[in-house]
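Peer 1: Below is the structure I would like to discuss, written out as structure tokens.
The values are calculated or read from the model by the stated rules, or taken from the named source; none is laboratory data. These numbers come from a predicted model, not from an experiment. All Cβ positions, even for glycine, are placed from backbone atoms using ideal geometry, and neighbour counts span all protein chains on display.
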Amino acid sequence: MGPSGQPSPPPHGDVAPKGRRARVGVDVGGTFTDIAVLDPDRGDVSIYKVPTTPADPSVGVLEGLAYVASETGGEFSTGSIEHFLHGTTITTNALIQRSFPPCALLITEGHRGAVQVQDQQRRGNVYDLTTGHPDSLVDELHVFEVPERTDHEGNVVVALDAPAVEAIAAQVQALGISSVAVCLLFSFANPSHEEAVRRIFREVCPDVSVSLSSEVLPRIREWPRISTMLLNASLEPLLVAYVRRLADALGGSGLGFDRLFLMESNGGLMPFSAVIVGHRAVQTLLSGPAAAVQGAVTIARRGVEGTLVTLDIGGTSADIAFVGDEGALEITEGHLVGHDIYVPMLDVTTIGAGGGTISRLAEDGRLLVGPDSAGADPGPACYGRGGVDPTTTDADLVLGFLNPTYYLGGRMTIDPRLAEEAIATRIAGPLGLSVAEAAATMIRVNDVHMAEAIRVFAAQRGVDVLDATLVPCGGAGPLHAAGVAEEIGMRSILVPATPGAFSAVGLLSTDIVQDFVQSEITLLVGENAALVDKRFEDLSAVAVAEMVAQGFAPGEVLCQREVDARYAGQGFEIRISVPEVAAEELPAAIGERFHEGHRRTYGYIAEHELIEIVSYRVRAVVTMPKYAPSPVAARPEGEGAPAPSGRREVYVHGGWETSAVIERAALAPGDRLAGPLIVEQPDTTTFVPPGWTMRCDEFANLVLSREES
């Protein structure tokens, strides 16, 4: 049996389906659903885009797979998929829009005020005394106090009142609540009371989903655990229903449950079965953005050295992350829409700046760009689906950057007249500007928003972006990359071979990765060496057992050790990796790495202070076959770069200029062209402004460089 008494999923062996094998990455964005199909035998990737279906994203996924089958003449079918890898924003969007069913919270008696008090930190402007906390995710009437108490060492102070829990379960059932978070005080030290609560709920109301903080987040600090558990309980019904619906539909097409995986916020994958029975909804809040970062780690890194700044611009938002020499920056404590999330995740920040971002005038006449988006329905005005608000895509179109007959490679036609009308009516007319001037202003404000977000994020993380390389992706990323880079002062841009579906390709470039944590404060001294090693062994055993319950063989699971450590008495800790050394060498080895990490983070060390471990961490990894781009054949010697396929008037730097247009498929490694230049491909458009040059590298990436002024 698997977790929660559910049947165990079938093993994840090398089950090759009948017909031609394929690994498929599917990323659902706000406007388009991107599909990347990897042929493991040939090693090449094909990409496809279809409109997202916001009412039920699974419909768009199935329509996309059907479209791929039709485009390949039956060579591809759902039943031939070896691994289906999925990135989704369903939990992120639900949190942003507050569109989820009510949940309940069970908390230790006398501590219900924690939901209102939270952590007493002010969000945003810390000097604004009127700044409050974000609205709670749970109704005050749905917070139930449980008579029980354990102390910080896990000793039972007040025994659990089982009849009181039975009464609470009956109330929850009467309220029609389908999901409950249990977050009892110090349950990370002794989970027995939380486990007893779940047993009682299964007897009284077995249809209610009960997630325990001692399983989802067994670490110290009360409010972070409560906040994370409320996020999990609020979003779980939506995610589980979506995953079940998609799994049932794919299973009906011949795709077995054992080949379905979902992207996590930490940049790894987990099986659909872990979502359904493992209470892991909170681990998917950055599912979609994390895939693009993984793409940069494994794909863009082949073409450039140094720091990478990923800028994933889709239809509704722009996601920003940094990739250093050791990989993508990662955090264990973050915030999304004001809510605390205490799970490992790639360090990504998101702003409302995408192709569908709406521009409007404030009452005082100022131009406001975003953060709201026209999304996929009705979409930008130029889509002709009833949208009347001018968007960034409309501005790109009227300025000449987009080809109205080559949108999505010609599968979708967009109407410049509708875009002009929207901008003229809502922006240009009231401001007394021409349509081109108004559109250029919309683009400039949009680019400035993204540039400022990168500057602030970089300053917070100590990253020098001036010498970094910008890696734009998403449908609108390559089009706006140069404008953002110029605002920041960056001089290097790398546009991947398939930027418009980079997240989908990124899904093909990662492993199964799941994180486990256990808080237990341990002084890092020689006499505790055996204890430290034992704690790692125990947590590794939990991790392996969980992965085996999901269908993996014990020998497939690699456990990587980490700790959260601090100088004794400090208020916060830092996360560091633990080297593979003998047990007796652990305190010295961990101490050495902690000092290095503390100096890197805070600029100093206190060599004579005692160090203590606060939490033990184990990252369980199962290696998956991954996409690795191969060098592309160079153009035959003596054959020059291709001639432009056409020319188009573009509005750039305050005036109209004639830009060459070239098909990206016509480019080969070694080709070098100067701006202004438009590079068109089915999934996106790249713009090379005047003063920039573009060359095609050996992996078919486009490397843009700004001339020295």
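Peer 1: Kindly provide the set of residues from the range 440-472 that are assigned to a loop (DSSP other than H, G, I, E, B), aliphatic (A, V, I, L, M) and either in contact with a strand residue (DSSP E or B) (Cβ under 9 Å, 6 or more places away or on another chain) or closer than 30 Å to G386 by Cα (or both), ordered by number.
Peer 2: Start the filter on the range 440-472 by keeping residues that are assigned to a loop (DSSP other than H, G, I, E, B), which leaves 462-468.
So of that shortlist, the ones also aliphatic (A, V, I, L, M) come out as 463, 465-466, 468.
Correct list: V463, V465, A468.
Peer 1: Of the residues G254, G295, G303, which is small (G, A, S), surrounded by fewer than 24 Cβ atoms within 10 Å (Cβ to Cβ), in contact with a helix residue (DSSP H, G or I) (Cβ under 8 Å, 6 or more places away or on another chain) and modelled with pLDDT under 90?
Peer 2: Numbers: G295 fails: surrounded by fewer than 24 Cβ atoms within 10 Å (Cβ to Cβ); G303 fails: in contact with a helix residue (DSSP H, G or I) (Cβ under 8 Å, 6 or more places away or on another chain).
The unique qualifying residue is G254.
Peer 1: Suppose we filter T601, T658, T685 for residues that are at pLDDT below 95, β-branched (V, I, T) and in contact with a strand residue (DSSP E or B) (Cβ under 7 Å, 6 or more places away or on another chain); which single one remains?
Peer 2: Values: T658 fails: at pLDDT below 95; T685 fails: at pLDDT below 95.
Going through T601, T658, T685 in turn, just one is at pLDDT below 95, β-branched (V, I, T) and in contact with a strand residue (DSSP E or B) (Cβ under 7 Å, 6 or more places away or on another chain): T601.
Peer 1: Something else about it: Restricting to the range 483-512, name every residue that is surrounded by fewer than 20 Cβ atoms within 10 Å (Cβ to Cβ) and either assigned to a loop (DSSP other than H, G, I, E, B) or in contact with a Gly (Cβ under 9 Å, 6 or more places away or on another chain) (or both).
Peer 2: Once the filter is applied, which keeps residues that are surrounded by fewer than 20 Cβ atoms within 10 Å (Cβ to Cβ) and either assigned to a loop (DSSP other than H, G, I, E, B) or in contact with a Gly (Cβ under 9 Å, 6 or more places away or on another chain) (or both), the range 483-512 yields E486, G489, R491, S492, D511.
Peer 1: Next question. Would you confirm whether or not the range 211-232 contains a residue that is farther than 24 Å from T88 by Cβ and small (G, A, S)?
Peer 2: yes
Peer 1: State which residue is farthest from the chain's Cα centre (by Cα) when the search covers only the range 464-482 and only residues that are of a type in the set (A, V, I, L, M) and buried (at least 18 other Cβ atoms within 10 Å of the Cβ). Before the answer, list the steps.
Peer 2: The first filter runs over the range 464-482 and keeps only residues of a type in the set (A, V, I, L, M), leaving 465-466, 468, 470-471, 476, 479, 481-482.
Okay, now just the ones that are also buried (at least 18 other Cβ atoms within 10 Å of the Cβ), so 465, 468, 470-471, 476, 479, 481-482.
Details: V465: 21, A468: 22, L470: 18, V471: 16, A476: 18, L479: 22, A481: 20, A482: 24 Å.
Checking each candidate, the answer is A482.
Peer 1: Also, I was wondering about something else. So which residues in the range 84-118 are polar (S, T, N, Q) and in a loop (DSSP other than H, G, I, E, B)? Steps first, please.
Peer 2: Kept after step one, since they are polar (S, T, N, Q), are these residues of the range 84-118: 88-89, 91-93, 97, 99, 108, 116, 118.
Listed by number, the residues that qualify are T88, T89, S99, Q118.
Peer 1: Out of the residues in the range 131-183 that are part of a helix (DSSP H, G or I) and without any contact (Cβ under 8 Å) to a residue 12 or more places away in the chain, state the one that is nearest to S99 (Cα to Cα). Show your work before the answer.
Peer 2: Just the residues of the range 131-183 that are part of a helix (DSSP H, G or I), to begin with: 140-142, 162-175.
Subsequent filtering for residues that are without any contact (Cβ under 8 Å) to a residue 12 or more places away in the chain retains 141, 163, 167, 174.
Details: L141: 19, P163: 34, A167: 29, A174: 22 Å.
Ranking the candidates gives L141 first.
Peer 1: Take the residues in the range 76-88 that are over 16 Å from R280 (Cβ atoms) and of a type in the set (S, T, N, Q), then tell me which one is surrounded by the fewest Cβ atoms within 10 Å (Cβ to Cβ).
Peer 2: Result: S80.
Peer 1: Something else now. Identify all residues within the range 408-439 that are in a helix (DSSP H, G or I), among the charged types (D, E, K, R) and free of Cβ contacts under 8 Å to residues at least 40 places away in the same chain; write none if there are none. Step through it out loud before you land on a result.
Peer 2: Initially, the range 408-439 is screened for residues in a helix (DSSP H, G or I), giving 408-410, 416-431, 435-439.
Okay, now just the ones that are also among the charged types (D, E, K, R), so 417, 420-421, 426, 437.
Listed by number, the residues that qualify are R417, E420, E437.
Peer 1: Moving on. Restricting attention to the range 52-82, report how many residues are within 20 Å of the chain's Cα centre (by Cα) and of a type outside the set (D, E, K, R). Reasoning before the result, please.
Peer 2: Filtering the range 52-82 down to residues within 20 Å of the chain's Cα centre (by Cα) leaves 52-54, 56-58, 60-61.
From what is left, the residues that are of a type outside the set (D, E, K, R) are 52-54, 57-58, 60-61.
Total meeting the criteria: 7.
Peer 1: I'm trying to understand the selection: among the residues of the range 486-533, which are touching a Leu at 6+ places or on another chain (Cβ under 8 Å), within 30 Å of E546 (Cβ to Cβ) and of a type in the set (A, V, I, L, M)?
Peer 2: Those that are touching a Leu at 6+ places or on another chain (Cβ under 8 Å), within 30 Å of E546 (Cβ to Cβ) and of a type in the set (A, V, I, L, M): L507, L508, I512, V513, V517, L523, L524, A529, V532.
Here's the yes/no breakdown for (1) closer than 30 Å to G506 by Cβ; (2) in a loop (DSSP other than H, G, I, E, B):
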| site | (1), (2) |
| --- | --- |
| L586 | no, no |
| R593 | yes, no |
| H608 | no, yes |
| S615 | yes, no |
| V618 | yes, no |
| Y627 | yes, yes |
| S630 | yes, yes |
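Peer 1: Taking G338, is it surrounded by fewer than 24 Cβ atoms within 10 Å (Cβ to Cβ), closer than 24 Å to S373 by Cα and over 16 Å from the mean Cα position of the chain (by Cα)?
Peer 2: Working: surrounded by fewer than 24 Cβ atoms within 10 Å (Cβ to Cβ): yes; closer than 24 Å to S373 by Cα: yes; over 16 Å from the mean Cα position of the chain (by Cα): yes.
It is true that G338 is surrounded by fewer than 24 Cβ atoms within 10 Å (Cβ to Cβ), closer than 24 Å to S373 by Cα and over 16 Å from the mean Cα position of the chain (by Cα).
Peer 1: Turning to a different aspect of this structure: Considering (1) in contact with a Ser or Thr (Cβ under 8 Å, 6 or more places away or on another chain); (2) modelled with pLDDT under 90; (3) part of a helix (DSSP H, G or I), say which one G64 fails and leave the rest.
Peer 2: Against the list (1) in contact with a Ser or Thr (Cβ under 8 Å, 6 or more places away or on another chain); (2) modelled with pLDDT under 90; (3) part of a helix (DSSP H, G or I), G64 comes up short only on (2).
Peer 1: Scan (1) in contact with a strand residue (DSSP E or B) (Cβ under 8 Å, 6 or more places away or on another chain); (2) crowded, with 20+ Cβ neighbours inside 10 Å; (3) of a type in the set (A, V, I, L, M, F, W, C) for the single condition V216 breaks and write down its number.
Peer 2: Evaluating V216 over (1) in contact with a strand residue (DSSP E or B) (Cβ under 8 Å, 6 or more places away or on another chain); (2) crowded, with 20+ Cβ neighbours inside 10 Å; (3) of a type in the set (A, V, I, L, M, F, W, C) leaves (1) as the failure.
Peer 1: Next question. Can you tell me how many residues in the range 556-607 are over 32 Å from the mean Cα position of the chain (by Cα) and among the β-branched types (V, I, T)?
Peer 2: Number satisfying all stated conditions: 2.
Peer 1: Which of (1) in contact with a strand residue (DSSP E or B) (Cβ under 7 Å, 6 or more places away or on another chain); (2) in a helix (DSSP H, G or I); (3) under 23 Å from G314 (Cβ atoms); (4) among the small types (G, A, S) is the odd one out, the single condition G475 does not satisfy?
Peer 2: G475 satisfies every listed condition except (2).
Peer 1: Looking at the range 687-696, is at least one residue assigned by TED's automatic domain parsing to the domain that holds V304, charged (D, E, K, R), in contact with a Lys or Arg (Cβ under 8 Å, 6 or more places away or on another chain) and more than 18 Å from E486 (Cα to Cα)?
Peer 2: In the first step, residues of the range 687-696 are kept if they are assigned by TED's automatic domain parsing to the domain that holds V304; the result is 687-696.
Next, from what is left, pick out any that are charged (D, E, K, R): 695.
This time we only want the ones that are in contact with a Lys or Arg (Cβ under 8 Å, 6 or more places away or on another chain), so: 695.
So of that shortlist, the ones also more than 18 Å from E486 (Cα to Cα) come out as 695.
Scanning the range 687-696, I find at least one residue that is assigned by TED's automatic domain parsing to the domain that holds V304, charged (D, E, K, R), in contact with a Lys or Arg (Cβ under 8 Å, 6 or more places away or on another chain) and more than 18 Å from E486 (Cα to Cα), so the answer is yes.
Peer 1: Here's another thing I want to ask about it. Out of (1) in contact with a strand residue (DSSP E or B) (Cβ under 6 Å, 6 or more places away or on another chain); (2) surrounded by fewer than 23 Cβ atoms within 10 Å (Cβ to Cβ); (3) assigned to a loop (DSSP other than H, G, I, E, B), the odd one out for T316 is which?
Peer 2: The one condition T316 does not meet is (2).
Peer 1: Filter the range 546-577 for residues that are aliphatic (A, V, I, L, M) and either within 26 Å of E333 (Cβ to Cβ) or surrounded by 14 or more Cβ atoms within 10 Å (Cβ to Cβ) (or both) and give the result.
Peer 2: M547, V548, A549, V557, L558, V563, A565, A568, I574, I576
Peer 1: For the range 371-386, name all the residues that are under 20 Å from D319 (Cα atoms) and either under 20 Å from the mean Cα position of the chain (by Cα) or aromatic (F, W, Y) (or both).
Peer 2: Within the range 371-386, P371, D372, S373, G375, A376 meet the criteria.
Peer 1: Quick test of your reading of the structure: T393 fulfils all but one of (1) without any contact (Cβ under 8 Å) to a residue 60 or more places away in the chain; (2) part of a helix (DSSP H, G or I); (3) within 21 Å of I320 (Cα to Cα). Name the failing condition by number.
Peer 2: (1)
Peer 1: Does P689 satisfy the criteria of being within 27 Å of D467 (Cα to Cα), surrounded by 12 or more Cβ atoms within 10 Å (Cβ to Cβ) and out of contact with any helix residue (DSSP H, G or I) (no Cβ under 6 Å at 6 or more places or on another chain)? Full working, then the answer.
Peer 2: Values: within 27 Å of D467 (Cα to Cα): yes; surrounded by 12 or more Cβ atoms within 10 Å (Cβ to Cβ): yes; out of contact with any helix residue (DSSP H, G or I) (no Cβ under 6 Å at 6 or more places or on another chain): no.
Judged against the criteria, P689 is not a match.
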